[in-house]
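Here is the structure we will look at.
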Amino acid sequence: MPKASELKKGMVVEVNDALYVVKQIEAKSPSSRGASTLYKIRFTQLQSKQKLDESFKSDDILKEADCVKITLQYSYLDGDTLMFMNMEDYSQYGLNLEDLEGQSQYLTEGLEGITGLLLDDVLLGIELPQAVSLEITETAPGIKGSTATGRTKPAQLSTGLEIQVPEYLEPGELVKVNTGNGKFISRA
C-alpha cells in the first residue's frame with residue numbers, strides 16, 4: 001500500500017471502490033511551519049475514463065489495485081495502438097495512445113524495463129523506467145567552452161519531446177531524460 005508521496009504516473013490504485021490510473025502528480029509545499037506537503041493527483045478511472053482530482057497529505061495511504069506486474073518491451077505503434085511484448089512468454093499487449101497521455105513521448109522501439117500492470121489478463125497501464133536515452137534531433141549549434149556555464153537551450157528529441165539541454169550539446173547526441181519530470185539528466 002503506497003503512500004501519496006510514493007505514487008508514480010501509471011500506477012493503478014483503488015479510490016472509492018473503483019480502479020484509477022495515476023495520470024498527473026503535483027506536489028505543493030505549504031510555507032507555514034509544521035504543514036505537510038500536499039499532493040494534488042489527477043486520476044483516470046479505468047472503465048469510464050472519467051477524470052478525478054484528489055488532494056492527499058504525503059503520509060496518506062492508498063490501496064494499490066491487485067494487479068499483476070510484468071516486464072515489458074515496447075515493440076511498435078500500430079495505428080493508435082502501442083504494442084508491448086511480455087519479456088517472459090513473448091505474448092503481445094496493446095494500449096491505446098490516449099491511455100498513455102504524457103508517457104508515449106518516452107517510448108522508442110525496443111525499449112526494455114517497462115513494468116506492465118495486468119488485471120484479468122488485460123494491460124491497464126505501464127510504469128516507465130526512471131530514465132530513458134533519447135537522441136537529439138533538433139537544437140541550436142553547440143557552443144565550445146560553454147560547459148562551465150549552467151545555461152540551457154531547447155532541444156527536440158527523436159520522439160517529439162522537447163526539453164532543455166546544456167548549450168554544448170549538438171544534434172545526433174544521446175541524452176538521458178528523467179521520465180518522472182521530463183528533465184535532462186546527462187549524456188547517455
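Every number here is computed from the coordinates shown, using simple stated rules; none is lab data. Nothing here was measured: the structure is a model prediction, and the numbers come from that model. Glycine also receives a Cβ, built like all others from the backbone with ideal geometry; neighbour counts cover every protein chain displayed.
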Cα-based reach from K57 at 16 Å (exclusive), listing aspartates and glutamates while leaving out same-chain residues under 8 positions away: E6, E26
Packing-ranked peptide list from 48-59, 10-21, highest mean Cβ count within 10 angstrom first, is 10-21, 48-59
Plugging the Kirkwood radius over Cα pairs into Stokes-Einstein for the stretch 20-85, at a temperature of 25 °C and a viscosity of 0.890 mPa s, what D comes out in µm²/s? 165
Take the eigenvalues of the Cα gyration tensor for the stretch 68-127, scale each by 5, and report the square roots as semi-axes in whole Å, largest first. 16, 13, 11
Which three extents, in whole angstrom, do the alpha-carbon atoms of the chain cover along their principal axes, largest first? 57, 52, 26
Summed over the other residues with a beta carbon less than 12 angstrom from that of F43, with K and R at +1 and D and E at -1, the charge totals +3
Please report, in whole Å, how far the alpha carbons of the stretch 110-159 spread along each principal axis, starting with the longest. 55, 20, 16
So what's the net charge close to E88: Lys and Arg +1, Asp and Glu -1, counting the other residues with Cβ under 13 Å from its Cβ? -1
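I need the calculated FRET efficiency for the pair E109 and K176, taking r as the beta carbon distance and R₀ as 25 Å, to the nearest 0.05.
0.90
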Calculate the FRET efficiency for S55 and E14 from the Cβ-Cβ distance with a Förster distance of 22 Å, rounded to the nearest 0.05. 0.80
Plugging the Kirkwood radius over Cα pairs into Stokes-Einstein for the stretch 131-187, at a temperature of 25 °C and a viscosity of 0.890 mPa s, what D comes out in µm²/s? 220
